[in-house]
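Have a look at the structure below, then the notes.
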Amino acid sequence: MTHRPLLTLTLAGLALAAAGCAMTPRDGAPRGYAADLERLRADCTAREGILTPTSSSTGRAETDYVCELRGPATRLRD
């Protein structure tokens, strides 16, 4: 009977370790809302746009913000 709690704790620890490995990106890039927001901001700035918030709050940066393009239209350039 005394081995059962130890087995349960060991299995729980292994499950948490496996979940942690599954959530870690292999390329080393940071994850999370702040990292997604920074990536969107950099992409929007590169396209000569301004990242502005939408009226929604979903917890996903790509849904909560939109890139408003303020630069010249690229289709009109020669």
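The values are calculated or read from the model by the stated rules, or taken from the named source; none is laboratory data. The structure presented is a predicted model; accordingly, all values stated were derived computationally and were not measured.
Do the conditions hold for Cys67, that is, is it modelled with pLDDT of 90 or more, part of a helix (DSSP H, G or I) and more than 15 Å from the chain's Cα centre (by Cα)?
No: the conditions fail for Cys67.
Gly28 is checked against (1) over 16 Å from the mean Cα position of the chain (by Cα); (2) at pLDDT below 65; (3) assigned to a loop (DSSP other than H, G, I, E, B) and fails just one. What number does that condition carry?
(1)
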